[in-house]
1. Please enumerate the residues belonging to region 135-146 that are loosely packed, with under 15 Cβ neighbours inside 10 Å and more than 20 Å from residue 56 (Cβ to Cβ).
2. Mind counting the residues in region 81-123 that are more than 13 Å from the chain's Cα centre (by Cα) and either at pLDDT 95 or above or loosely packed, with under 15 Cβ neighbours inside 10 Å (or both)?
3. Please go through region 45-75 and give me each residue that is in contact (Cβ under 8 Å) with a residue 40 or more places away in the chain, under 20 Å from residue 126 (Cβ atoms) and surrounded by fewer than 15 Cβ atoms within 10 Å (Cβ to Cβ), ordered by number.
């Protein structure tokens, strides 16, 4: 396990333009990627079919949303699981990471998160909690007794110092 939660260290990302922020408020549809193990849809913040790559590789995170490989996939049969996904709040221009989780802080209890596997099987979750942790809070990656959940992680804004965590339980 890494010493800190996945993010680009000391990244100097350009501030989003007003046009980019406005576009992030509109529905965003993503093209499929051959190397994606699943797709993420969060209608309440306008994200549709975001490719999710199973990787701890920094380059993959810098290009989109990653699934932390040490955590289970939604289709795995386990009593408890924490499907852990990370994405950038700002990210790099002209990549799938740019503002992908910019509006993650707008999610609230009861909002829907859907993961879809490569065969089109959907796994739906409902947001149960939203909180902030420090970068060394590795415990948020661990499963929680009796819960089948997905965790979405991004940096806090505007300082990017801590991690915003959104947890959702399987419906």
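1. Selection gives 145, 146.
2. Residues in region 81-123 being more than 13 Å from the chain's Cα centre (by Cα) and either at pLDDT 95 or above or loosely packed, with under 15 Cβ neighbours inside 10 Å (or both): 18 in total.
3. The one that is in contact (Cβ under 8 Å) with a residue 40 or more places away in the chain, under 20 Å from residue 126 (Cβ atoms) and surrounded by fewer than 15 Cβ atoms within 10 Å (Cβ to Cβ): 75.
For every residue, the table says whether it meets (1) in contact (Cβ under 8 Å) with a residue 40 or more places away in the chain; (2) farther than 24 Å from residue 99 by Cβ; (3) part of a strand (DSSP E or B).
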residue: 113; (1), (2), (3): yes, no, yes
residue: 128; (1), (2), (3): yes, yes, yes
residue: 131; (1), (2), (3): no, no, yes
residue: 152; (1), (2), (3): yes, no, yes
residue: 157; (1), (2), (3): yes, no, no
residue: 161; (1), (2), (3): no, no, no
residue: 165; (1), (2), (3): no, no, yes
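The values are calculated or read from the model by the stated rules, or taken from the named source; none is laboratory data. Note that the structure is a prediction, hence the values are computed from the model and not measured. Because the Cβ atoms are built from the backbone with ideal geometry, glycine has one as well, and the counts that use them run over all protein chains shown.
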